[in-house]
1. What about A:LEU302, is it assigned by TED's automatic domain parsing to the domain that holds A:SER144 and either closer than 23 Å to A:MET26 by Cα or not β-branched (Val, Ile, Thr) (or both)?
2. Answer with yes or no whether B:THR130 is surrounded by fewer than 20 Cβ atoms within 10 Å (Cβ to Cβ), more than 20 Å from the chain's Cα centre (by Cα) and away from every other protein chain (no Cβ under 14 Å).
3. State all residues of the stretch B:113-127 that are within 14 Å of chain A (Cβ to nearest Cβ) and either out of contact with any helix residue (DSSP H, G or I) (no Cβ under 8 Å at 6 or more places or on another chain) or among the aromatic types (Phe, Trp, Tyr) (or both); if no residue qualifies, say none.
4. Given the residues A:LEU77, A:LEU92, A:LEU162, A:LEU99, which is the only one that is outside any helix (DSSP H, G or I) and closer than 25 Å to A:MET282 by Cβ?
5. Run B:LEU185 past the list (1) in a loop (DSSP other than H, G, I, E, B); (2) buried (at least 19 other Cβ atoms within 10 Å of the Cβ); (3) within 14 Å of chain A (Cβ to nearest Cβ) and report the number of the one that doesn't hold.
6. If you check A:LEU182 against the conditions, is it over 22 Å from A:VAL254 (Cα atoms), aliphatic (A, V, I, L, M) and part of a helix (DSSP H, G or I)?
7. For the stretch B:68-98, which residues satisfy the criterion of being touching a residue at least 60 places away in the same chain (Cβ under 8 Å), surrounded by 16 or more Cβ atoms within 10 Å (Cβ to Cβ) and not hydrophobic (A, V, I, L, M, F, W, C)?
8. Within the stretch B:100-125, restricting attention to residues that are in a loop (DSSP other than H, G, I, E, B) and free of Cβ contacts under 8 Å to residues at least 24 places away in the same chain, which residue is nearest to A:LEU233 (Cα to Cα)?
Amino acid sequence: MLTYAIKRVALAALILFVVMLAMYGMVFLVPGDPASVALGPRATPALKAMLTERMGLDQPVAVQIWRFFANAAQGDLGIDVWSKRPVLDQILEAFPQTLLLGLVALSWALTLGITLGVLAVVYRGTFIDRALGLVSVSFISVPSFVIAIYLLLIFAVWLQWLPAIGAGKAGDIPSQIKALILPSIAVGIGWVGYLARMVRASMLEIMAANHIRTARAFGLPERKVVTRYALRLAIVPTISVIAVGLGSILSSAVFVETVFSRPGIGTLITGAVFKRNYPVVMGTVLVTTAFYLLVITAADLLIAKLDPRVRDALAR
Amino acid sequence: MTEPLLEIDALNITYHTDHGKLSALRGASLIARTGEVIGIVGESGCGKSTLAASVINLLPQAAEVTSGAVRYKGTDILRLPPEAQRALRGQDIAMIFQDPMTAFNPVLTMGAQLVDFQHAAQIPRAEKLTRARALLARVGMPDPDLTLRRYPHQLSGGMRQRVAIAAALLMNPTVLVADEPTTALDVTMEAQIIHLLRDLRRDYQGAILVITHHLGVVAELCDRVYVMYAGEVVEEAVVDDLFHAPRHPYTRALIACDPGHFEQPTPILPTIQGRLPDLRTPPTGCSFAARCPLAEAICATPPPRIQISPTQSALCHKAGGQP
């Protein structure tokens, strides 16, 4: 188990390295040098030279790459070209906002998705099962930004129950919670349908297994058969999907944060891309990739912890 | 004679499949008394596992009981409310399942499952563990403590079958149903499990039903035998009579095909020609007639159940004559 954990972490580090290298390569692949692209057509040569020097672009490529990695390893992700603030500070401000949105969205989506999936299995073949199937598929097929716009129109503009934009006032917890409701619905709703379908499929397979018949043959209460004997097993393949889900929630945050004008990684990254603000783009990509890898690695380790068969296969 | 402990009375079970209705059991009847070991034999698809599942009413979703009863101590369990049925399962009537590979939950330890199976007992968990440990030792598990901490996939097939037997005995049930207890095992393991079951029956107080396609298992373990064919009980006999004076042509054919019974090397293994009738449209006459060497015109009409002795009967037009 420990060797497996070390292997997984090493693999994650390698992936991170390759991603950063690819990101760095992109800066040079874009037509024109980054400094003139960033400054626009009306920049003076002196201004360009200054920016080129500040971004370290006058150095050989190998030195640039080395510097970038060495600095990143020390937590220095460079300086914002425009605001001249350290990139890391901006990310540290924005990231918790996105993470909060993602976690809130995923937790309600998980609770509802698993419950609906289990209900569909308990009432399989009935009207409830078919209705849940229809709802799940519609939830999956509508893109989150469409739902975001509709939520805005209905609850913020028309009914005026909830705020349309922003993340609430600093220090004012109730206003922050209110501001979270609509975005987290927009981000999570597709996941409800997806998780419900997944849990239903894996539960159906497990409920037909011999060991469920054994549990019933020993007169175990149906509630215990469903939760302890079936759901515990059905959750295992769902975990890796949830991990990927948390990662892709970060990307759907790009749309949702734009629609709701919430501060966060999504807003930061879109702004930076539009302004060709390379240090910020690279910094955010580094942090989100690292986070994504962290979650996926944690999920793999959790699966090994929950399923003794996986654990033993790894030990061998 | 003692009162029947378990009585299956003219049970008809139909499966609703995509290809129409299929009659899995057609008027099957059976009686088991306290202290008896009953064998149920027949080839695959004859309805013996459906019969076993009906004893605890854990039939597949597609199955429907169209008529008949399963009486346990005189009460029809098929018509009991679900909660009362559940209370009987594992406590009064316990199953030893076929295929020990998949019979246990893969993510719970054996200890956790053996404790769960005693959910009806109002005793502390530690006592349940002690009881599980004692039974594991009883079925010959070399290290009961270790077994309790193991997951199913960490045990061999033979060991899992032993644990399955121990599990069935946990609540001291009065009826024990063993559904193909040795089928998934290799020959040496099979012999060991038969040995264990024989050993257990000596101090077991209830009735045991052994479902198998293996005549050797029947000869080793059972007092009385029911032979099933195409959803019907075609012959009922005491084990000695079954092997020495079988009356139904199907029973004779089964015995003739049993490799354990050959004394001389044979170049060709005998088989029963033809195959099981299509149970979507069961024949109106004798269901074995199409494969029977003795079949005559009369066999196209429903065969009578001919009582040969108080303990032997056969569902055959020709069973009245000399064997």
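The values are calculated or read from the model by the stated rules, or taken from the named source; none is laboratory data. Because the structure is predicted, anything quoted here is derived from the model rather than measured. When we count neighbours, we look across all protein chains shown, and the Cβ atoms used for this are built from the backbone with ideal geometry, even at glycine.
1. On the way: assigned by TED's automatic domain parsing to the domain that holds A:SER144: yes; either closer than 23 Å to A:MET26 by Cα or not β-branched (Val, Ile, Thr) (or both): yes.
For A:LEU302, the condition - assigned by TED's automatic domain parsing to the domain that holds A:SER144 and either closer than 23 Å to A:MET26 by Cα or not β-branched (Val, Ile, Thr) (or both) - is met.
2. Values: surrounded by fewer than 20 Cβ atoms within 10 Å (Cβ to Cβ): yes; more than 20 Å from the chain's Cα centre (by Cα): yes; away from every other protein chain (no Cβ under 14 Å): yes.
For B:THR130, the condition - surrounded by fewer than 20 Cβ atoms within 10 Å (Cβ to Cβ), more than 20 Å from the chain's Cα centre (by Cα) and away from every other protein chain (no Cβ under 14 Å) - is met.
3. Passing the criteria: only B:PHE117.
4. When all the criteria are applied, what remains is A:LEU77.
5. Going through the list (1) in a loop (DSSP other than H, G, I, E, B); (2) buried (at least 19 other Cβ atoms within 10 Å of the Cβ); (3) within 14 Å of chain A (Cβ to nearest Cβ), B:LEU185 breaks only (3).
6. no
7. Across the stretch B:68-98, the qualifying residues are B:GLY68, B:ARG71, B:TYR72, B:GLY90, B:GLN91, B:ASP92, B:GLN98.
8. B:THR102
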